[in-house]
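What follows draws every value from the coordinates through simple rules; no lab data is involved. This one's a predicted model, so the numbers in the text were calculated from it and none came from an experiment. As a convention, Cβ positions derive from the backbone with ideal geometry for all residues, glycine included, and neighbour counts pool all protein chains shown.
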Amino acid sequence: MCKVVQIMNLIQTKIPEVLILEPKIYQDGRGFFQESYNKKTFQNLTGVDIEFVQDNHSRSEKGVLRGLHYQIKQPQAKLVRVVRGAVFDVAVDIRKASPTFGQWVGIELTEDNHRQFWVPAGFAHGFVVLSDSADFLYKTTDYYAPEHERCILWNDPNIGIDWPIDGEPRLSSKDREGHLLQHAEVFP
């Protein structure tokens with residue numbers, strides 16, 4: 001008889017579509033092994049049947065804040081994780097008809113907790129680096145389309161994200177010029 005091993009735990013958040021995935025880590029004196037993605041496992045746990053088309057890897061230094069980004073056309077759902085360092089990762093519901101419109105969920109992703117964050121299409125996404133530097137990996141369900149990319153201000157007071165930072169983060173010019181949610185192009 002084969003023993004079925006649960007290789008991933010699913011953790012619900014206050015926004016039902018945004019999920020935390022916790023992979024099982026197999027560790028011994030040599031190091032560790034984890035299955036970071038398995039289409040069947042992901043579908044069984046989340047009920048979401050998707051295809052990822054692009055993998056991205058970014059490295060940022062402490063205090064860098066990227067976001068809140070989204071694509072108004074060719075929207076991207078993202079499965080994100082950190083393989084080196086630590087970040088505080090955020091998803092903001094920008095679906096106008098949603099009961100959780102304008103609400104956010106945040107989670108610390110680290111190389112030690114191995115957690116992954118499922119950010120569905122229809123959400124703005126961003127993160128700030130908490131460690132000296134961090135390597136951030138994410139899978140997307142559609143291709144990057146800069147002509148459709150939009151940005152909401154990271155510090156929009158109507159969203160009220162409680163970023164775990166002291167002072168001003170390091171931002172790109174694009175992120176400094178983001179819009180308030182009330183003036184942003186959002187999903188129906």
Based on the alpha-carbon gyration tensor of segment 1-126 and its eigenvalue square roots a ≥ b ≥ c, which shape applies: rounded if a/c is under 1.5, prolate if not and a/b is larger than b/c, or oblate? oblate
Within segment 130-166, which residues have the backbone N less than 16 Å from the label spot 7 Å out from Lys96 along Cα→beta-carbon, could you tell me? none
Which entries of Lys40/Lys73; Lys40/Lys139; Lys62/Lys139; Lys14/Lys40; Lys73/Lys96 have Cα-Cα distances beyond 19 Å here? Lys40/Lys73; Lys62/Lys139; Lys14/Lys40
Want the number for Trp163 to Gln43: 0.36 nm per residue separation, take away the alpha-carbon distance, what's left? 40.1 nm
Could you sort the peptides 86-99, 163-176 by per-residue average Cβ neighbour count (10 Å cutoff), highest mean leading? 86-99, 163-176
For segment 53-64, 3J(HN,Hα) per residue [Karplus equation, 6.51 cos²θ - 1.76 cosθ + 1.60, θ = phi - 60°, Hz, x = Gly/Pro]: 10, 8, 10, 10, 9, 10, 10, 9, 8, 3, x, 6
Ellipticity estimate at 222 nm from DSSP helix runs (n ≥ 4, -39,500 (n - 2.57)) divided over the chain, nearest 500: -1500 deg cm²/dmol
Sorted by average packing, counted as other Cβ atoms within 10 angstrom per residue and highest first, what order do 13-23, 37-47 take? 13-23, 37-47
Label points 7 Å out from Cα along the Cβ direction at Ser131 and Glu111: separation in nm? 0.4 nm
